[in-house]
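Peer 1: The structure is given below, and queries will be raised subsequently.
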């Protein structure tokens, strides 16, 4: 057989194959010489490159952050790559400028500060404590190494120092603050009357032609929204735990290794006498031994402790240290305490503080539950622990497989032993049709994203809980459609009538507003037509009783002159018209504020001014830098 291969590997066919195989390798080598990269540069700042891969990663991170912040209000179309990439790139240019400036300014963050910050992140904690395994999984899921993640944290901490160093040093003058309080805390005495659109409904008459015209103008109001059907697979610790195999020997070993989790920790109440080593140690030890002998013969422990102990924290209390558990005291002291029997006098015990005489006065906790008594708890804990390890390993495989086979979830499910499930129609607003397991704004926004809906790919792994993740894909998609006119004819007629009534209310309001500005009286006008007249003192932030449209119009209206009210009008979202009289303006007074209020009022202006100064620094850095942007 080998001879046949050798004979066939000769001639022009063999040479053609060799040439074809060689071309990619030759081009690969040429690429190195030409400087062509698999990760093209989109911009550079003073020789520091920003690549396509870096930009795309930051866009994904920003989109995910906004998805988490906005929840159900998130709309994937607003955060498309086309809109985000230019803005994110500008932010990355600023970050690069700041990073270079920080290096020039000699700014640094120590390893200890970086470690402390990472340990403080709530997303990396389990049960209130830093979880190394969770940290490693989180970093891995972001496509980073621990070194790379820590470098990003370090950069962010340096950047925060830069920002605070600029923003927190701004000065707001007393006169500037006084003017801001005058306007910001301003109150206005107003009266307003509502002209209801409902009062004109009876007179509204809408023909079929008018209804159709209204329908043509308002088709968005009669749309069936865009919707999709999803396929999805789920990975969760709870399901994995059921498949974990167990045996008695393994469970018993797990119980021994984690006994403290199943057995109440023992505490002991302790008192002691401390004699420091000062001068001749032999004499000190002999003194301690005599005290031990006295105590064993029945001497009063608290009395001797008050007389001889040099522990400032317990001597006055007769040497009482209270209840202690393991890990609190120095090792020699702890070993004696947890080996002694209650009432037994032990000593001398030497530690770094001197010689101790110890008595355990009471014991609580530490019930030595046997394996059989807590077996069910041990098994549940063991299954969960093993399932967590399997989960994090399969989570990485899930991410890789979903990416490697982007056009189907079936191979992913088969490889991981998962079930592909399907949803009913869902819209961008989610809705009741979304299965409970994936009922999350994160899932909906991902489903309608460019990558999943537009390109037809599997989603990235979506972590819905610390131990539950899903991958989704769009199986069916329907664009938004407009319901036929005949189907919604009655709804259109009612809406058109409402619009006519609102127009009539507006016309009536404008007419009466002109009368008021010509010298009419609001109270007489309201009384003659049976409208309600209300009074209010409103600030810029409004109040619960005054419509927001009225508040906005009140502060856009001119101030009263020579004690004469000024008048204005505004249409509400419901089509009602409000006639408004501004009777008095009461300015805010900085001098009337207490010290605490004064400091509170300084916060916002400082933030605004600080941000402006920070932007000014960035502008200067940009003018001094050599910036080349490829992405347009």
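The values are calculated or read from the model by the stated rules, or taken from the named source; none is laboratory data. Everything numeric here is computed off the predicted structure, so don't read it as measured data. Cβ: placed from backbone, ideal geometry, glycine included. Neighbour counts: every protein chain shown.
Peer 1: Spot the failing condition for residue 248; the list is (1) in contact (Cβ under 8 Å) with a residue 40 or more places away in the chain; (2) over 30 Å from residue 445 (Cα atoms), and only one is missed.
Peer 2: Checking residue 248 against (1) in contact (Cβ under 8 Å) with a residue 40 or more places away in the chain; (2) over 30 Å from residue 445 (Cα atoms), the one that fails is (1).
Okay, residues lined up against (1) assigned by TED's automatic domain parsing to the domain that holds residue 467; (2) assigned to a helix (DSSP H, G or I); (3) farther than 25 Å from residue 325 by Cβ:
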| position | (1), (2), (3) |
| --- | --- |
| 357 | no, no, no |
| 373 | no, yes, no |
| 390 | yes, yes, yes |
| 399 | yes, yes, yes |
| 403 | yes, yes, yes |
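Peer 1: Cβ-Cβ distance below 6 Å, separation of 6 or more or different chains: which pairs start in segment 326-340 with a residue that is closer than 14 Å to residue 266 by Cβ and in the same structural domain as residue 355 (by TED's automatic domain parsing) and end on one that is in a helix (DSSP H, G or I) and at pLDDT 90 or above?
Peer 2: none
Peer 1: Kindly indicate whether residue 526 is under 44 Å from the mean Cα position of the chain (by Cα) and either surrounded by 12 or more Cβ atoms within 10 Å (Cβ to Cβ) or under 26 Å from residue 213 (Cα atoms) (or both).
Peer 2: no
Peer 1: For the list (1) free of Cβ contacts under 8 Å to residues at least 24 places away in the same chain; (2) assigned to a helix (DSSP H, G or I), I need the number of the one condition that residue 202 fails.
Peer 2: (2)
Peer 1: Would you pick out the residues in segment 111-151 that are in a helix (DSSP H, G or I) and surrounded by fewer than 13 Cβ atoms within 10 Å (Cβ to Cβ)?
Peer 2: 111, 112, 116, 120, 122, 123, 132, 133, 147, 148, listed by residue number.
Peer 1: Just to be sure, is residue 615 within 30 Å of residue 98 (Cα to Cα) and not in a strand (DSSP E or B)?
Peer 2: Taking the combined requirement at face value, the residue satisfies it.
Peer 1: Which of the numbered conditions does residue 393 fail, given that it passes all the others? Conditions: (1) surrounded by fewer than 13 Cβ atoms within 10 Å (Cβ to Cβ); (2) within 25 Å of residue 123 (Cβ to Cβ); (3) touching a strand residue (DSSP E or B) at 6+ places or on another chain (Cβ under 7 Å).
Peer 2: (3)
Peer 1: For segment 90-110, give me each residue that is under 26 Å from the mean Cα position of the chain (by Cα) and assigned to a helix (DSSP H, G or I).
Peer 2: 90, 91, 92, 93, 94, 95, 96, 98, 99
Peer 1: Oh, and also: Please give the number of the condition residue 525 fails out of (1) within 30 Å of residue 233 (Cα to Cα); (2) assigned by TED's automatic domain parsing to the domain that holds residue 196.
Peer 2: Condition (1) is where residue 525 drops out.
Peer 1: Still on this model: Does segment 592-609 include one or more residues that are in a helix (DSSP H, G or I) and more than 23 Å from residue 539 (Cβ to Cβ)?
Peer 2: Looking through segment 592-609, at least one residue is in a helix (DSSP H, G or I) and more than 23 Å from residue 539 (Cβ to Cβ).
Okay, residues lined up against (1) under 22 Å from residue 238 (Cβ atoms); (2) surrounded by 15 or more Cβ atoms within 10 Å (Cβ to Cβ):
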| site | (1), (2) |
| --- | --- |
| 401 | yes, yes |
| 407 | no, no |
| 413 | yes, yes |
| 429 | no, no |
| 445 | no, yes |
| 467 | yes, yes |
| 473 | no, yes |
| 485 | no, yes |
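Peer 1: Residue 238 versus (1) assigned by TED's automatic domain parsing to the domain that holds residue 456; (2) modelled with pLDDT of 90 or more: which is the lone unmet condition?
Peer 2: Just one mismatch for residue 238, condition (2).
Peer 1: Further, regarding this structure: Filter segment 266-312 for residues that are assigned to a loop (DSSP other than H, G, I, E, B) and crowded, with 17+ Cβ neighbours inside 10 Å and give the result.
Peer 2: Once the filter is applied, which keeps residues that are assigned to a loop (DSSP other than H, G, I, E, B) and crowded, with 17+ Cβ neighbours inside 10 Å, segment 266-312 yields 309, 311.
Peer 1: If you scan segment 405-431, which residues turn out to be in a loop (DSSP other than H, G, I, E, B), in contact (Cβ under 8 Å) with a residue 24 or more places away in the chain and farther than 22 Å from residue 451 by Cα? Explain how you work it out, then say what you get.
Peer 2: Residues of segment 405-431 that are in a loop (DSSP other than H, G, I, E, B), as a first pass: 405-409, 417-420, 423-425, 428-429, 431.
If we keep only those that are in contact (Cβ under 8 Å) with a residue 24 or more places away in the chain too, we end up with 405-409, 418-420, 423-425, 428-429.
Across segment 405-431, the qualifying residues are 418, 419.
Yes or no, residue by residue, for (1) buried (at least 19 other Cβ atoms within 10 Å of the Cβ); (2) touching a strand residue (DSSP E or B) at 6+ places or on another chain (Cβ under 6 Å); (3) at positive phi; (4) not in a strand (DSSP E or B):
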| residue | (1), (2), (3), (4) |
| --- | --- |
| 490 | no, no, no, yes |
| 497 | yes, no, no, yes |
| 537 | no, yes, no, no |
| 554 | yes, yes, no, yes |
| 568 | yes, yes, no, no |
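Peer 1: Check segment 340-354 and report whether any residue there is crowded, with 19+ Cβ neighbours inside 10 Å, modelled with pLDDT under 90, more than 29 Å from residue 256 (Cβ to Cβ) and in contact with a helix residue (DSSP H, G or I) (Cβ under 7 Å, 6 or more places away or on another chain).
Peer 2: yes
Peer 1: State whether one or more residues within segment 255-265 are modelled with pLDDT under 85, within 17 Å of residue 360 (Cβ to Cβ) and either assigned by TED's automatic domain parsing to the domain that holds residue 360 or assigned to a loop (DSSP other than H, G, I, E, B) (or both).
Peer 2: yes
Peer 1: Return yes or no: is residue 456 surrounded by fewer than 20 Cβ atoms within 10 Å (Cβ to Cβ), more than 25 Å from residue 390 (Cα to Cα), touching a residue at least 40 places away in the same chain (Cβ under 8 Å) and touching a helix residue (DSSP H, G or I) at 6+ places or on another chain (Cβ under 6 Å)? Give the steps one after another, and end with the answer.
Peer 2: Values: surrounded by fewer than 20 Cβ atoms within 10 Å (Cβ to Cβ): yes; more than 25 Å from residue 390 (Cα to Cα): yes; touching a residue at least 40 places away in the same chain (Cβ under 8 Å): yes; touching a helix residue (DSSP H, G or I) at 6+ places or on another chain (Cβ under 6 Å): no.
It is false that residue 456 is surrounded by fewer than 20 Cβ atoms within 10 Å (Cβ to Cβ), more than 25 Å from residue 390 (Cα to Cα), touching a residue at least 40 places away in the same chain (Cβ under 8 Å) and touching a helix residue (DSSP H, G or I) at 6+ places or on another chain (Cβ under 6 Å).
Peer 1: Something else about it: Any residue in segment 591-613 that's without any contact (Cβ under 8 Å) to a residue 24 or more places away in the chain: show its pairings with residues that are part of a helix (DSSP H, G or I) and loosely packed, with under 13 Cβ neighbours inside 10 Å at Cβ separation under 6 Å, as long as the two are six or more apart or on different chains.
Peer 2: Final answer for the pair search is none.
Peer 1: Okay, next question. When you scan segment 469-481, do you find a residue that is touching a strand residue (DSSP E or B) at 6+ places or on another chain (Cβ under 7 Å) and assigned to a loop (DSSP other than H, G, I, E, B), even just one?
Peer 2: yes
Peer 1: Is it the case that some residue within segment 314-323 is assigned by TED's automatic domain parsing to the domain that holds residue 274, in contact with a strand residue (DSSP E or B) (Cβ under 9 Å, 6 or more places away or on another chain), surrounded by fewer than 16 Cβ atoms within 10 Å (Cβ to Cβ) and farther than 12 Å from residue 272 by Cβ?
Peer 2: Yes; the residues of segment 314-323 include at least one that is assigned by TED's automatic domain parsing to the domain that holds residue 274, in contact with a strand residue (DSSP E or B) (Cβ under 9 Å, 6 or more places away or on another chain), surrounded by fewer than 16 Cβ atoms within 10 Å (Cβ to Cβ) and farther than 12 Å from residue 272 by Cβ.
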